[in-house]
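Participant: This is the structure, below, for whatever I ask next.
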2 protein chains.
Amino acid sequence: MTLPFGYRYASSYAGIRKVEKEDLALIVSDGSATCAGVFTQNRVQAAPVRLCRANLKESGGIARAILINAGNANCATRTGDRVALTTSRAAAKALKVPVSQVLPTSTGVIGVELNPKLITNALPGLASSLSADGFEKVSRAIMTTDTRPKTSTAEVAIGKGVVRIAGMTKGSGMIMPMMATTLGFVMTDAAISAPQLRSMLREAAEESYNRLSVDGDTSTNDSLLLMANGASGVTVGPRDRGLFMDALVHLCQELAREIARDGEGARKLVTIQVNGTRSGDEAARIARTIANSPLVKTAIGGSDPNWGRILCAAGNAGVIFDPNVTDVYMQGVRVCRNGLAANYNEPALIEKLNESEVSVRVVIHGDGTGEARFWTCDFTEGYIQINGSYRT
Amino acid sequence: MTLPFGYRYASSYAGIRKVEKEDLALIVSDGSATCAGVFTQNRVQAAPVRLCRANLKESGGIARAILINAGNANCATRTGDRVALTTSRAAAKALKVPVSQVLPTSTGVIGVELNPKLITNALPGLASSLSADGFEKVSRAIMTTDTRPKTSTAEVAIGKGVVRIAGMTKGSGMIMPMMATTLGFVMTDAAISAPQLRSMLREAAEESYNRLSVDGDTSTNDSLLLMANGASGVTVGPRDRGLFMDALVHLCQELAREIARDGEGARKLVTIQVNGTRSGDEAARIARTIANSPLVKTAIGGSDPNWGRILCAAGNAGVIFDPNVTDVYMQGVRVCRNGLAANYNEPALIEKLNESEVSVRVVIHGDGTGEARFWTCDFTEGYIQINGSYRT
């Protein structure tokens, strides 16, 4: 599997985090790329999110570079806008590209002033160390409480040739993206027009990042960016859209799943599937409510086939459905049939629930054809320990 | 403080729980009482909730007895409706009252068949042991994971004399009541018409139980019942409504606060106050979102004045407000001013956050006059431990 052509990557430690662990990164396209972004729907938005939006608008969806820092969200800070602009300008200068084609993103603590000098001083060195094989190193530099980097790659053979896609993302708390998650960067060497790219990203995010929750909190900094630089020489036209989208959605789902799997304190990746609602939106609402139920998530953590909590959470989703025609499955075993306890081998199921991947399926029998899939993780003491002492 | 006149109470161990701890209780009015109830808004509703509603409708808001069992929610069970009816009938027979004037309520595990014989066999003995001073004993019998009973009493002097109110309630997980909470029983010896009583209970619940969340999960069994038997000989008329409501709201808020304080694993009672939204409903939505944020609740558990998480949660409430004119206070200390870090003494504040009651206040400066108060608790390892192994 090769990375998309025409991108280079660099990362270094700029002193933003207290611990000496890389915290600054660049992703750069050698040539001009189209770019689309989806961002947090939180009313409180970090300065880099605002500048990203403005730059994408000003450039008409063209970008050359993504500037990323971890360790500080540059949100709710007095100097936020200035810091985002100053550091983007420094990156533009070091890379010799227009400032509107630099997209700044930040993740970390909220409400602490970010010293721009740490970034501007590091940028010349960072720019000179860009390399085509820095992808994996950058995927580590953007981590906060993540325990491992999260990447995914794909190759798509479309009519005129092969294009490549590569993505990286980070978790792992304050995660319930609405339109996007914390940070995600996807690069392709396909040539795709900016409006096309926007619609593709929106669609892919809806089926991946927007179906993900670690703790039900939507961050102030969520940004998912997709760049297409055309370095493959292959254009994705209307006829190729389906093939390309399949790969893009799959890749984004892989990234989203990795975030759930590595949720703060998580031991298990939980996939929730809901079928039989009147619409896909209703299915997603039920799946989301189950995914955000602390009682469901702690039960799964304890390998307890407590389907009552699943049915109860479904009932809280604000969706009209009949519990009397509703089945619940865990690990493929029907634990609830028509709203009542089903016959199943409980010790065998508990054994299965000890696995690192757990599936929950809610099936409503009737005329409805709505369905949705959603990813989350179990809820453990680890989450409490991480978040009871994150900042102080 | 004396209990309301004209009520008797009894409790015993009927074998519904595995551990030998009282699990069956009766609250009986000596004479006919008006009665109002508010119930869960979950789509999945337990059989006793359905029968309670039906009985109140059939009797026109008249009741003589409340039958309560802990240890089994009688929800999502094959025999649910039959068990609720059979046990209510047995209570009616033992008490010699019409069956529509018996209100059954259950709390405990979902999806496990409840053996009605355990209850019907115990009822004659229970009925013969009714006593005016069994109030406190019943408040213990209805507990599930509660660590202590939750009661509150009041005396109200209105024009024509004194009336008494007494309430008991239970927590302490699956708690985010919508219209009512898990179980709450409030008795008064005032005489109040059934329609009046309904409107009073709705109003009181809105300001108390509906402003409470332990874990964001609304139970299938939430029931709050208010009985008024007139044994004081004092009627609450339109002119006395204000005085009586003040006492009733206060009493219900005390019960709600006790539930929050004793939330599963909780070490701290958290009161969230929001001011300055366009409406009270918007303020309540922001307060609720903060109260349900695991990140806010774990930070408070860790005595971390992490106001960024509070502001972020407020931004997720789906309410339009300007973070740039928003202040956040913790323990009365302004930690965020106009959306930015305020100057405050952090070590001193951390000390204050170690107390057993924590206040969070969000003030949006502008024209809005909406306000709301909400109660929750901190989020600790204890919650995970309790819920990772509740059933198995």
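Participant: Label 7 Å along Cα→Cβ of B:D30; the stretch B:131-159 residues with amide nitrogen under 16 Å?
Facilitator: Inside the label zone: B:131-135.
Participant: Return B:S11, B:S128 ranked ascending by Cβ neighbour count within 10 Å, so the fewest neighbours appear first. Intermediate values should be presented prior to the final figure.
Facilitator: Numbers: B:S11 25, B:S128 9.
Fewest to most other Cβ atoms nearby, the residues stand as B:S128, B:S11.
Participant: Now for a separate question. Could you sort A:51-58, B:217-224 so that the peptide with the highest average Cβ count within 10 Å comes first and the rest follow in order?
Facilitator: B:217-224, A:51-58
Participant: Here's a follow-up. Given the protein assembly as shown, what percent of its DSSP beta bridges are antiparallel, to the nearest 5?
Facilitator: In the protein assembly as shown, DSSP labels about 70 percent of beta bridges as antiparallel.
Participant: In whole Hz, with x marking every Gly and Pro, tabulate ³J(HN,Hα) for the stretch B:368-385 from phi via Karplus 6.51 cos²θ - 1.76 cosθ + 1.60, θ = phi - 60°.
Facilitator: Per residue, the Karplus-derived 3J(HN,Hα) values read x, 10, x, 8, 7, 10, 8, 10, 8, 9, 6, 10, 10, 3, x, 4, 5, 4 Hz.
Participant: A further question follows. Quick one: give the max-minus-min coordinate of the C-alpha atoms of the stretch A:16-164 along each principal axis, largest first, in Å.
Facilitator: 51, 35, 33 Å, listed from the longest principal axis down.
Participant: What FRET efficiency do you get for B:K93 and A:N338 if R0 is 25 Å and r is their Cβ-Cβ distance, rounded to the nearest 0.05?
Facilitator: Rounded to the nearest 0.05, the efficiency is 0.20.
Participant: Considering the convex hull of the alpha carbon atoms of the stretch B:269-387, report its projected area averaged over all viewing directions, in nm², one decimal.
Facilitator: Answer in nm², one decimal: 6.8.
Participant: Given the rule -39500 (n - 2.57) for each run of at least 4 DSSP H residues, summed and divided by the residues of chain A, what is its mean residue ellipticity at 222 nm, to the nearest 500 deg cm²/dmol? Intermediate results must be reported in sequence, preceding the final value.
Facilitator: Numbers: 11 runs with 127 residues, N = 392.
Counting only the DSSP helices, I get -10000 deg cm²/dmol.
Participant: Over all directions, how big on average is the projection of the convex hull of the alpha-carbon atoms in the stretch A:221-266, in square nanometres?
Facilitator: Projected area, direction-averaged: 4.5 nm².
Participant: Ok, one more. Could you identify the residue of A sitting closest to the A-B rotation axis by Cβ and state that distance rounded to whole angstrom?
Facilitator: Residue of A nearest the axis onto B, distance in Å: A:E381, 2.
Participant: Another question, then. I'd like the distance between the alpha-carbon centres of the stretch A:24-64 and the stretch A:332-385, rounded to an integer number of Å.
Facilitator: 38 Å
Participant: Sort the following peptides by mean Cβ neighbour count (other Cβ atoms within 10 Å, averaged over residues), highest first: A:145-156, A:64-75.
Facilitator: Descending packing order for the listed peptides: A:64-75, A:145-156.
Participant: Kindly write out, for the stretch B:327-335 in residue order, the coupling ³J(HN,Hα) from the Karplus curve 6.51 cos²θ - 1.76 cosθ + 1.60 (θ = phi - 60°), rounded to whole Hz, with x marking Gly and Pro.
Facilitator: Those phi angles translate into 10, 10, 10, 10, 6, x, 9, 6, 9 Hz.
Participant: How well do other chains shield peptide A:289-299, expressed as the mean number of their Cβ atoms within 10 Å of each residue Cβ? Provide the component values of the computation, followed by the final result.
Facilitator: On the way: counts 3, 0, 0, 4, 4, 14, 10, 2, 4, 11, 6.
Per residue, the average neighbour count from other chains is 5.
Participant: Diagonalise the Cα gyration tensor of the stretch B:70-128 and give the resulting equivalent ellipsoid semi-axes, square root of 5 times each eigenvalue, largest first, whole Å.
Facilitator: So the three semi-axes of the stretch B:70-128 are 20, 12, 9 Å.
Participant: In whole Å, how far is the Cα centre of the stretch A:72-97 from that of the stretch B:69-111?
Facilitator: 64 Å
Participant: Using only Cα atoms, tell me the angle between helix A:194-206 and the longest principal axis of chain A; keep it within 0 to 90° and round to the nearest 10.
Facilitator: Result, in degrees: 30.
Participant: Another question about this same structure. For B:S106, B:S232, B:S199, what ranking results if the residue with the fewest other Cβ atoms within 10 Å of its Cβ goes first?
Facilitator: Working: B:S106 29, B:S232 22, B:S199 13.
Least to most surrounded, the residues fall as B:S199, B:S232, B:S106.
Participant: Taking 0.36 nm per residue of separation and subtracting the Cα-Cα distance, what length does fully extending B:E355 through B:D81 add?
Facilitator: 94.1 nm
Participant: Next question. Using Cβ counts within 10 Å as a stand-in for footprinting exposure, how do A:T271, B:T40 rank, fewest first?
Facilitator: A:T271, B:T40
Participant: Using only the Cα atoms of the protein assembly as shown, construct the convex hull and provide its projected area averaged over every direction, in square nanometres to one decimal. Could you put the intermediate results ahead of the total?
Facilitator: Details: hull surface 133.8 nm².
Dividing the Cα hull surface by four gives the mean projection, 33.5 nm².
Participant: Cross-link candidates for B:K18: which lysines have Cα within less than 29 Å, leaving aside residues fewer than 8 places away along the same chain?
Facilitator: Here the lysines satisfying the reach criterion relative to B:K18 are A:K297, A:K352, B:K93, B:K117, B:K137, B:K150, B:K170.
Participant: So how much slack lies between A:K117 and A:Q273, counting 0.36 nm per residue of separation and subtracting their Cα-Cα distance, in nm?
Facilitator: 51.4 nm
Participant: Going 7 Å from Cα along the Cα-Cβ axis for the label, what nanometre distances separate B:R89 from the same residue across the other copies?
Facilitator: Counterpart label points of B:R89 in the remaining copies fall at 8.4 nm.
Participant: Shortest first and in nm with one decimal, please list how far the B:R78 label point sits from its counterparts in the other copies (point 7 Å along Cα→Cβ).
Facilitator: Relative to the other copies, B:R78 has label-point distances of 7.0 nm.
Participant: I need the inter-copy label distances for A:T147: point set 7 Å along Cα to C-beta, values in nm with one decimal, smallest first.
Facilitator: Listed shortest first, these distances are 2.8 nm.
Participant: A further question on this structure: Over all Cα pairs of chain A, how is the pair count split among 10 Å bins, expressed in % and running from 0 up to the last occupied bin?
Facilitator: Spelled out per bin, shortest first, that is 5, 24, 30, 23, 13, 4, 0.
Participant: Any chance you could give the angle, 0 to 90 degrees and rounded to 10, that helix A:116-128 forms with the longest Cα principal axis of chain A?
Facilitator: With rounding to tens, the tilt is 80 degrees.
Participant: Now for a separate question. Could you work out how far helix B:280-291 tilts from the main Cα principal axis of chain B, as a 0 to 90 degree angle to the nearest 10?
Facilitator: 80 degrees
Participant: Round to the nearest 0.05 the FRET efficiency obtained for A:A348 and A:R148 when R0 = 25 Å and r is the Cβ-Cβ distance.
Facilitator: After rounding to 0.05, the efficiency reads 0.20.
Participant: Moving to a separate point now. Averaged across B:302-311, how many Cβ atoms of other chains sit within 10 Å of each residue's Cβ atom?
Facilitator: 6
Participant: Eigenvalues of the Cα gyration tensor times 5, then square-rooted: what semi-axes does that give for the stretch A:167-257, in whole angstrom, largest first?
Facilitator: 25, 12, 10
Participant: Also, quick follow-up: Of all the C-alpha pairs in the stretch A:192-335, what % are more than 19 Å from each other?
Facilitator: 60 percent
Participant: Also, quick follow-up: Considering every residue in B:338-345, what mean count of other chain Cβ atoms within 10 Å of its Cβ is obtained?
Facilitator: Per residue, the number of nearby Cβ atoms from other chains is 3 on average.
Participant: Which one of B:L243, B:N55, B:G108 is farthest out on the positive end of the charge dipole of the stretch B:7-261, using unit charges on Cβ (Lys, Arg +1; Asp, Glu -1) and the Cα centre as origin?
Facilitator: Ranked along the dipole, the leading option is B:N55.
Here, each number is a calculation from the coordinates, and none is a lab measurement. These numbers were taken from a predicted model, which means no experiment stands behind them. Note: ideal-geometry Cβ built from the backbone for every residue, glycine included; neighbour counts use all protein chains shown.
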